[in-house]
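Bear in mind that the values in this text are calculations on the coordinates, not laboratory data. Since the model is a prediction, treat every value here as computed from it, not as a measurement. So basically every Cβ, Gly included, is an ideal-geometry build from the backbone, and we count neighbours across all protein chains shown.
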Amino acid sequence: MNMNIGANILIRRASIFAASLAVVLAVAPFTRAQETPPAPGPPRSANIPKPVERTLKNGLRVIVIEFANMPLVSAQLVIKSGGEIDPAALSGAADMTASLLDKGTGTRSAPEIARAIEALGGTLNSGAAWDYSQVAVNVLSPKFGAAMEILADVIRNPAFKEDEIERLRQQYVDAYGVSLTQPSSIANYAAARLIFGDSPYGHTLSSTS
């Protein structure tokens with residue numbers, strides 16, 4: 001009787017193993033087939049709007065690209081100079097100057113500017129790269145006029161308040177201190193100094209003091 005029970009158990013185990021093996025063998029070709037990527041489809045046509053360019057009487061160059069199906073407007077004022085014009089003793093001056101534009105004007109404080117843009121459902125930011133400085137606004141199309149009024153204010157009437165300058169300077173110093181704990185940042189600083197020496201590209205883009 002015990003021998004029959006043992007035999008039945010062995011038979012059941014063998015059946016389970018055989019069934020499992022059959023499933024594995026059946027799935028294997030499917031897995032291999034999935035490893036082969038499908039053939040690429042036909043290229044899609046791209047309808048890129050043509051830029052419209054005008055030069056204003058004051059010499060300002062304006063470029064407009066229209067996407068009629070997007071109810072959004074992005075406007076950006078770009079000045080073709082940035083960190084590369086910083087004096088050696090004032091590294092980060094361009095970026096700090098540009099970043100302070102939206103930190104207060106003659107009629108609006110930094111919080112007031114932020115609240116005004118948020119009330120329009122938009123964003124406003126400024127800063128500098130190595131070769132350019134920019135101020136940009138993004139907003140829904142119906143709010144574009146109001147957003148442009150704020151953009152014009154920060155461009156034409158920046159206050160450069162002492163407390164905002166000191167706050168931003170301290171942020172830059174803190175960020176620089178953190179970067180000195182990261183090997184990749186230290187390597188980037190060393191490589192820039194080695195390659196560019198005392199030229200503008202040899203210093204950091206943001207202020208360090």
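In percent, rounded to a whole number, the relative contact order of the range 121-188 is 19, using alpha-carbon pairs under 8 Å and six or more apart. Spacing of the modelled spin labels on Glu53 and Leu180, each 7 Å from Cα toward Cβ, amounts to 4.5 nm.
Given a Förster radius of 35 Å and the C-beta distance between Ala187 and Thr123 as r, what FRET efficiency does 1/(1 + (r/R0)^6) yield to the nearest 0.05?
Numbers: r = 33 Å, r/R0 = 0.94.
Approximately 0.60, to the nearest 0.05.
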